[in-house]
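The values are calculated or read from the model by the stated rules, or taken from the named source; none is laboratory data. Everything numeric here is computed off the predicted structure, so don't read it as measured data. Cβ placement follows ideal geometry from the backbone for every residue including glycine, while neighbour counts extend to all protein chains displayed. Heavy atoms of the whole protein, side chains included, go into the accessibility calculation; ligands, DNA and RNA do not. Shrake-Rupley method; radii C 1.70, N 1.55, O 1.52, S 1.80 Å.
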Amino acid sequence: MVVVEGAHALSAPDVRVVPCADWQRGPGASLRCGLAALDDGVARAVIVLADGPELDPRAVDRLAAHPAPFAAASYDGTRDHPVALVRSVFADIPDEGLRVREPVLVDCSDLRPPGDVDVRD
């Protein structure tokens, strides 16, 4: 597991924390930093946001197993997280992040969506 830190230093036991000096360029820059830190043998990455505490782990499994080069979970037709990418698209992530790209949607309507808690503690 890789966690990317940007403006604020992180400390997380049992997790590889990767600093991203270009974090201010946008979420895509942070994502590229995290993906660049993965071992060369990683063929597919599943991206999970830290502020989605209700994420059902079965959604991660579903996205990890999906064959599309870029896939995103959808809940009742709404695009959400997690997302998954094959290595061949790792370098093609814009600074704005993946919201500007169209993924293959993977139905996860039978699962609990991740939620979004943008609260700083």
Single condition LEU38 does not satisfy, out of (1) assigned to a loop (DSSP other than H, G, I, E, B); (2) at pLDDT below 90: (2)
Residue pairs meeting the criteria (Cβ under 9 Å; at least 6 apart or on separate chains; first under 14 Å from GLY115 (Cα atoms) and hydrophobic (A, V, I, L, M, F, W, C), in region 68-87; second open to solvent by 30 Å² or more (accessible area, probe 1.4 Å) and part of a strand (DSSP E or B)): ALA73/ARG79; ALA73/ASP80; ALA73/HIS81; ALA73/LEU105; ALA73/ASP107
Of all residues making up region 20-51, the number that are among the small types (Gly, Ala, Ser), closer than 16 Å to VAL2 by Cα and surrounded by 12 or more Cβ atoms within 10 Å (Cβ to Cβ): 7
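So which residues in region 1-35 are in a helix (DSSP H, G or I) and either free of Cβ contacts under 8 Å to residues at least 24 places away in the same chain or at positive phi (or both)?
Passing the criteria: TRP23, GLN24.
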Failed item, numbered, when ARG58 is tested on (1) part of a helix (DSSP H, G or I); (2) open to solvent by less than 80 Å² (accessible area, probe 1.4 Å); (3) basic (Lys, Arg): (2)
Single unsatisfied condition, ALA73 versus (1) in contact with a strand residue (DSSP E or B) (Cβ under 7 Å, 6 or more places away or on another chain); (2) of a type in the set (A, V, I, L, M, F, W, C); (3) closer than 20 Å to LEU105 by Cα; (4) surrounded by fewer than 20 Cβ atoms within 10 Å (Cβ to Cβ): (4)
Residues being open to solvent by less than 90 Å² (accessible area, probe 1.4 Å), in contact with a Gly (Cβ under 6 Å, 6 or more places away or on another chain) and on the phi < 0 side of the Ramachandran plot - total across region 76-121: 5
